[in-house]
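Below: the structure, in structure tokens.
The values are calculated or read from the model by the stated rules, or taken from the named source; none is laboratory data. On a predicted model such as this, the values are computed, not experimentally measured, just so you know. Glycine also receives a Cβ, built like all others from the backbone with ideal geometry; neighbour counts cover every protein chain displayed.
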Amino acid sequence: MSTPIPQPPGYFLVGNISDVDPKDSIGSINRLSEKYGEIFKLSLFGSDRYFLCSERLVQEVCDENRFVKKINAGLEQVRNGVGDGLFTAYNDEHSWGVAHRTLVPAFGPIGIQHMYDEMYDIATQLVSKWARSDPEDSIHVTDDFTRLTLDSIALCAMDKRFNSFYHEEMHPFVDAMSEFLVESGARSRKTRLELMLNRAPTVRYESNIALMKSVAQEVVDRRRRIPSEKKDLLNAMLFGKDPKTGERLSDDTIMNNMITFLIAGHETTSGLLSFATYFLLKNPEALQRAQQEVDDVVGKGPIKFQHMSKLPYIEAVLREALRLTPTAPAFSVTPKPGTTEPVIIGGQYLIPPNSTLICFLSKSQRDPGVYGSDADEFKPERMLADKFEKLPSGSWKPFGNGARGCIGRPFAWQEAILTLALVLQNFNVRLADSSYQLKIKQTLTIKPDNLYIKVSLRPGID
Ligand code: HEM
């Protein structure tokens, strides 16, 4: 006997559309999971989605022998801009394997170490900007972290300088990308008729895609015109060969991956740094401990690559921020192709083949069965290496799962440790408005909304 999976009552044809606020779908799903528990189903225009909100269910569906990544309706739309890029490629798409195998070494430990000096260059631009600000200036911290992460991935991966710290406005790529992601999500909820009757958003959508492609094309053209010896992702894509088949990436796949890296490589890390800053400012003891660690390990001198593995508390802060506020808040899986019978999960829930199972990290990573009654609190101590390594495997999945997990994780990690350490080394930081309460801004990723800080240079730093 299986246990029925709860579902809120819906309406004819549109199903549960009114249960999800498109501007705050994370909040809506959180509220539904408070009401329905570890699993519930929503039906949207005839397609069913199962939301998994407990560690044990997420752990089970991360078994790659039984489940694979699902390109859900939102990602299907993102393919309009980035096609077979690694993030949106279908599991059986030949070009995914070619690109994955060609690029894994470039994202490996040696590849990332090669990128350290350029990451440092960009991170010090943020420090210089903040150092010039008046201690009473309010800094929009997420915007500056977005400048940093965009410039960093563009410089490290493809030798392109966006120089975002030298302009008031963000590079047009950022707005185009942000609108493209929001509209991709919106399109996945629209009917064909709506898309046909209201063309204006589609026209804008297409012009945003064209802008992103032109930025990527310019970078590729320049590298072909002016070759470089750099061991970066662009050279790996242009000249690397798949170690298994000997094939090279096609021009289309290169373009799709360039845009993918620019998108995936900055939004999420900028959100991570912003949330980590917020949590530290709301938890003065953790802030003090993190700053003390930087002082003890690095002192006032330059932060070097060798320091990256010697800042365990900073790492714990970042892990805990990603646990409470996973900047990619969910990922989807489905029973393996060829599954023809319904599958049982959790020993009790019957799931039809082909269904979309959404690992809803914002909830599963707060499972009180794993993290206790204080699961909603920010406590980096529980993420120190000895405890972190003993956590059950489904309890911390902010970088996704298995072969389709995040290829950029080592890049993001190095960038986040370096940036947080540099900020704490150089500045005393406080909230611009001490009564600020966390609000979430959501596109495909999440960030704190309207988070402003004030900074002052620490004594002895000039
Ligand atoms: C995949 C999260 C940083 C590139 C993923 C997935 C998650 C994720 C959850 C799996 C998505 C799914 O299953 O549908 C994050 C987070 C980051 C981060 C939280 C930062 C804190 C980066 C960076 C890059 C990157 C810096 C590039 C430099 C990618 C790519 C994929 C991916 C290309 C697709 C991999 C594949 O399927 O082959 N990421 N990511 N990510 N990420 Fe990241």
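Filter the stretch 434-462 for residues that are β-branched (Val, Ile, Thr) and at pLDDT below 95; which is surrounded by the fewest Cβ atoms within 10 Å (Cβ to Cβ)?
Filtering first and then ranking leaves ILE461.
Please go through the stretch 384-399 and pick out each residue that is within 15 Å of the ligand (Cβ to nearest atom) and among the basic types (Lys, Arg).
Matches in the stretch 384-399: LYS397 only.
Here's the yes/no breakdown for (1) at pLDDT below 95; (2) charged (D, E, K, R):
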{"site": "MET1", "(1), (2)": "yes, no"}
{"site": "GLY10", "(1), (2)": "yes, no"}
{"site": "PRO22", "(1), (2)": "yes, no"}
{"site": "SER33", "(1), (2)": "no, no"}
{"site": "LYS41", "(1), (2)": "no, yes"}
{"site": "GLU64", "(1), (2)": "no, yes"}
{"site": "GLY97", "(1), (2)": "no, no"}
{"site": "ARG101", "(1), (2)": "no, yes"}
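List, please: which pairs have Cβ atoms under 6 Å, are six or more places apart or on different chains, and start with a residue in the stretch 260-276 that is over 23 Å from VAL317 (Cβ atoms) and end with one that is more than 6 Å from the ligand (Cβ to nearest atom) and modelled with pLDDT of 90 or more?
Taking only residues 6 or more apart or on different chains, the pairs are THR260/VAL82; THR260/GLY85.
This table checks each residue for (1) in contact with a helix residue (DSSP H, G or I) (Cβ under 8 Å, 6 or more places away or on another chain); (2) assigned to a helix (DSSP H, G or I); (3) crowded, with 21+ Cβ neighbours inside 10 Å.
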| site | (1), (2), (3) |
| --- | --- |
| PRO4 | no, no, no |
| PRO22 | yes, no, no |
| PHE40 | yes, no, yes |
| GLY74 | yes, yes, no |
| VAL78 | yes, yes, yes |
| TYR90 | yes, no, no |
| HIS100 | yes, yes, no |
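Cβ-Cβ distance below 9 Å, separation of 6 or more or different chains: which pairs start in the stretch 412-440 with a residue that is in contact (Cβ under 8 Å) with a residue 60 or more places away in the chain and of a type in the set (S, T, N, Q) and end on one that is surrounded by fewer than 19 Cβ atoms within 10 Å (Cβ to Cβ) and part of a strand (DSSP E or B)?
Here the result reads ASN426/LEU457, each pair linking the stretch 412-440 to a residue that is surrounded by fewer than 19 Cβ atoms within 10 Å (Cβ to Cβ) and part of a strand (DSSP E or B).
Which count do you get for residues in the stretch 329-338 that are at pLDDT 95 or above and farther than 20 Å from GLU34 by Cβ?
6
Only strands (runs of 3 or more DSSP E) wholly contained in the stretch 349-462 count here; list those with 2 or more residues that are touching a Phe, Trp or Tyr at 6+ places or on another chain (Cβ under 9 Å).
Strands (runs of 3 or more DSSP E) meeting the threshold: 349-351, 356-360, 427-431, 446-448, 452-457.
Within the stretch 68-89, does at least one residue satisfy the condition of being over 20 Å from the mean Cα position of the chain (by Cα), more than 11 Å from the ligand (Cβ to nearest atom) and in contact (Cβ under 8 Å) with a residue 40 or more places away in the chain?
The answer is no; no qualifying residue exists.
Specify which of the listed residues (LEU44, LEU32, LEU86) is of a type in the set (A, V, I, L, M) and closer than 29 Å to ILE407 by Cβ.
Residue meeting the stated conditions: LEU86.
Do we have any residue at all in the stretch 292-305 that's surrounded by fewer than 22 Cβ atoms within 10 Å (Cβ to Cβ), touching an Asp or Glu at 6+ places or on another chain (Cβ under 9 Å) and at pLDDT below 95?
Checked against the condition, which is being surrounded by fewer than 22 Cβ atoms within 10 Å (Cβ to Cβ), touching an Asp or Glu at 6+ places or on another chain (Cβ under 9 Å) and at pLDDT below 95, the stretch 292-305 yields no hits at all.
Quick one: in the stretch 309-333, which of the residues that are over 21 Å from the mean Cα position of the chain (by Cα) and in contact (Cβ under 8 Å) with a residue 12 or more places away in the chain is surrounded by the most Cβ atoms within 10 Å (Cβ to Cβ)?
LEU311
Among the candidates TYR116, TYR120, single out the residue that is farther than 30 Å from GLN77 by Cβ, away from the ligand (no atom under 15 Å from the Cβ) and of a type in the set (Phe, Trp, Tyr).
Result of the check over TYR116, TYR120: TYR120.
May I ask you to list the residues in the stretch 357-383 that are within 16 Å of the ligand (Cβ to nearest atom) and of a type in the set (A, V, I, L, M)?
LEU357, ILE358, LEU361, MET383, listed by residue number.
Can you pull out every residue in the stretch 148-172 that is crowded, with 18+ Cβ neighbours inside 10 Å, more than 15 Å from the ligand (Cβ to nearest atom) and not in a loop (DSSP other than H, G, I, E, B)?
SER164
Away from the ligand (no atom under 12 Å from the Cβ), under 30 Å from PRO9 (Cα atoms) and basic (Lys, Arg): is that true of ARG49 in this structure?
Answer is yes for this residue.
Just for helices (runs of 4 or more DSSP H) wholly inside the stretch 233-346: which have at least 1 residues that are touching a Leu at 6+ places or on another chain (Cβ under 9 Å) and within 16 Å of the ligand (Cβ to nearest atom)?
Ranges flagged: 233-239, 251-264, 267-282, 312-324.
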